[in-house]
Amino acid sequence: MPTLYGYSTSSSGRPTPGSLTIGMYQIKWKFHRDLPATTVFAFGTSAATATFPGPTIEAAQGVPLVVTWENHLPQSHILPWDPTIPTAIPKNGGVPTVVHLHGSIHPPQSDGSALAWFTANFAETGPKWTQPTYTYPNIQHAGNLWYHDHALGLTRVNLLAGLIGAYIIRDTALDAKLRLPLGPQFDMPLVVVDRSFNVDGSLYMNSTGNNPSIHPQWQPEYFGDAIIVNGKAWPYLQVKRRKYRFRIINASNARYFRFALTNGLSFIQVGSDSSYLPTPVPTQTILLSPSEIADVVIDFSTTTANESILTNDAPYPFPSGNLVDSLNGKVMRFIIAPGAPDPPDDSQVPPTLKSYPTPMTYKAVTTRYIVLYEYGPSGNPTHLYINGKRFEDPVTETPKSGTTEIWNVINLTNDNHPLHIHLGTFQATKVQQLVNINTFTACMASLNDAVSCNVSSYATGSLFSIPPYEKTWKNTVKIEPGCQTTIVVQFNVVDDHGAYPFDATAEPGYVYHCHILDHEDNAMIRPLKIIA
């Protein structure tokens, strides 16, 4: 994938604010040598340079970047979409798009609201569209983000078509201090997705819904047969016997990955989502939900084997669905060169990484209860809501800028749900199983109020452990089925609890949602309004 730099360099060598223009194009992309070229949507500075995934954007910590996002997509979509769910439908055709920088701290006008969509050449725009150029202050700590489409009701098909890309915020002083593997050959993003294909190479997406009399196309999850890494199906990477840093992004619609390595290799995780861990965490496996990021080091000098396979054994849907097979159980192959690396490996994994202020739970000004539901015949949902409310219902979550809140997120479904809160930075502190869940669910169906249903008397079951590699500030947290997950959410810059350098209270506001895209589209998403 090409790299675009979101800054310029002054005569003194310091990075200065930059600007980019990035378009969305329909192109042909070769996923595998034995598969005909596939029509996809892709990001790039031109149709000739557009790629799947899009170019990796590298930004400098504390240096603003402005991006003008352009839509050059055709009149019709390449995938089936469903008008019976809340959807952006332009009057005169075209593919609505809008870009969200996932995990970024930025003004609401630059958030990529689902209602701020636009078609080619801005011929039509959504009700919350305001401007073609977005500002990303990059004020948060160094780390990993990604950008993707966020159009109302079309997120799942627009991402499936290819509108994804990696975004890295770098702190050169911190890089020099930590001495982790550095440079494009030894430090790279791995954008992992799953896709299915027709024999002619075109993307396959089931065009019949699970309840076709209600939703002719929508299905609750999309799972592909082939695992794609950086735009190639089951690829290989030739590596030296040394340490490499991989920023692994799960950009799938619905698939969870539980990664492991063969031939005795393991991961050393140094970051989760857009934050470093306090100390490195050695681990044999890493579970990533859709939109989560694992920042890892793999030391290929610790095995005598000449290859290692990155594998996956996460059931789908997660955690109690189908077992993986010989196709989706393999991700990619590392081919390890013999002999000592040339030049020698002078990188390291330091004993400590970066510390951030701890969650100030005692300063929490509000405790909220967020309840996740499925509706419809058993096993065949027709829609998914948060707190029993639609996306278009009036806003109920109105955090005050600069404050800390406690969110108790209750999952009354059988699926694990990755919760993503725009603008907020958060971490899970407690995961507790619900007892007598059927009784509690019946009460919720009647009253739709966790406090009135006395949730504290049900959240008394077994405690689930939070993996050490997730104990940092995150932008996506897994919500276990049948549990109440307590998260601390900060609506400020967590590095110093500083205020946002922009008006976070402005329109069109923000959202929070499940990041299983098929759930988000129908309609496990709610507005989030920051107040002064």
Spin-label model distance (nm) - THR130 vs ALA37, 7 Å beyond Cα toward Cβ: 4.0 nm
Gyration tensor over alpha-carbon atoms, the range 124-221, equivalent ellipsoid semi-axes in Å: 36, 21, 11
Cut-off of 10 Å, at most 10 other beta carbons, DSSP loop: longest stretch of the chain lacking such trypsin sites (Lys or Arg not before Pro): 92-532
Extension reserve of the ASN438-ASP200 stretch, reckoned as 0.36 nm per residue once the Cα distance is removed: 80.9 nm
Carbon/sulfur fraction of accessible area - the range 207-307, other protein chains in place, 1.4 Å, %: 50 percent
Extended-chain gain in nm, criterion 0.36 nm per residue less alpha-carbon gap, THR429 and ASN322: 35.6 nm
Selection from ILE27, VAL297, VAL40 lying farthest towards where the dipole of the chain points positive, charges on Cβ: VAL297
Two-site FRET efficiency, GLN75 against ILE214, from Cβ-Cβ distance with R₀ of 41 Å, rounded to 0.05: 0.90
Distance in nm between pseudo-label sites at TYR362 and ILE335 (7 Å out along the Cβ direction from Cα): 5.9 nm
Three-way shape label, the range 1-146, alpha-carbon gyration tensor, a/c 1.5: oblate
Spacing of the two label points (7 Å from each Cα toward its C-beta) at GLN185 and GLN348, in nm: 2.2 nm
Percent breakdown of C-alpha pair distances by 10 Å bin, ordered from the shortest bin, for the range 274-423: 7, 23, 28, 22, 13, 5, 0
Rounded Å value of the spacing that divides the Cα centres of the range 320-398 and the range 84-127: 24 Å
Directionally averaged projected area (convex hull, Cα atoms, the range 165-308), nm²: 10.9 nm²
Residues of the range 324-455: accessible area per residue with a 1.4 Å probe, Å²: 47 Å²
Where no second cysteine Cβ lies under 4.7 Å, the cysteines concerned in the chain: CYS483, CYS514
The range 368-477 - percent of accessible surface contributed by carbon and sulfur, probe 1.4 Å: 47 percent
Three-way shape label, the chain, alpha-carbon gyration tensor, a/c 1.5: rounded
q = 0.14, 0.18 Å⁻¹, the range 326-381: log10 I(q)/I(0) [Debye, one scatterer per Cα]: -0.90, -0.94
Accessible area of the range 1-125 divided out per residue, in Å², using a probe of 1.4 angstrom: 40 Å²
222 nm mean residue ellipticity, helices alone, for the chain (DSSP H n ≥ 4; -39,500 (n - 2.57); rounded to 500): -1500 deg cm²/dmol
Within the chain: Cβ-based charge dipole about Cα centre, in debye rounded to nearest 20 (Lys, Arg +1; Asp, Glu -1): 680 debye
Beta bridges by DSSP in the chain, antiparallel share as percent, to the nearest 5: 75 percent
Solvent exposure of the range 250-321 as accessible area per residue, Å², 1.4 Å probe: 27 Å²
Cα centroid separation, the range 454-532 to the range 193-261 (Å): 25 Å
Residues whose placed amide H lies under 5 Å from that of TYR134, excluding near-sequence neighbours: VAL67, THR68, TRP69
Extension gain (nm, one decimal) between TYR236 and ALA499, 0.36 nm per residue minus Cα-Cα: 90.2 nm
Of LYS232/LYS330; LYS240/LYS354; LYS177/LYS471; LYS128/LYS529; LYS430/LYS474; LYS430/LYS529, pairs whose Cα-Cα distance is over 24 Å: LYS240/LYS354; LYS430/LYS529
The range 348-470 - charge dipole about Cα centre, Lys and Arg +1 at Cβ, Asp and Glu -1, debye rounded to 20: 360 debye
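The values are calculated or read from the model by the stated rules, or taken from the named source; none is laboratory data. These figures come from a predicted structure and were not determined experimentally. Positions of Cβ are generated from backbone atoms using ideal geometry, with glycine treated the same way; all protein chains shown enter the neighbour counts. These accessible areas exclude ligands, DNA and RNA; they are computed on the full protein's heavy atoms, side chains included. Shrake-Rupley method; radii C 1.70, N 1.55, O 1.52, S 1.80 Å.
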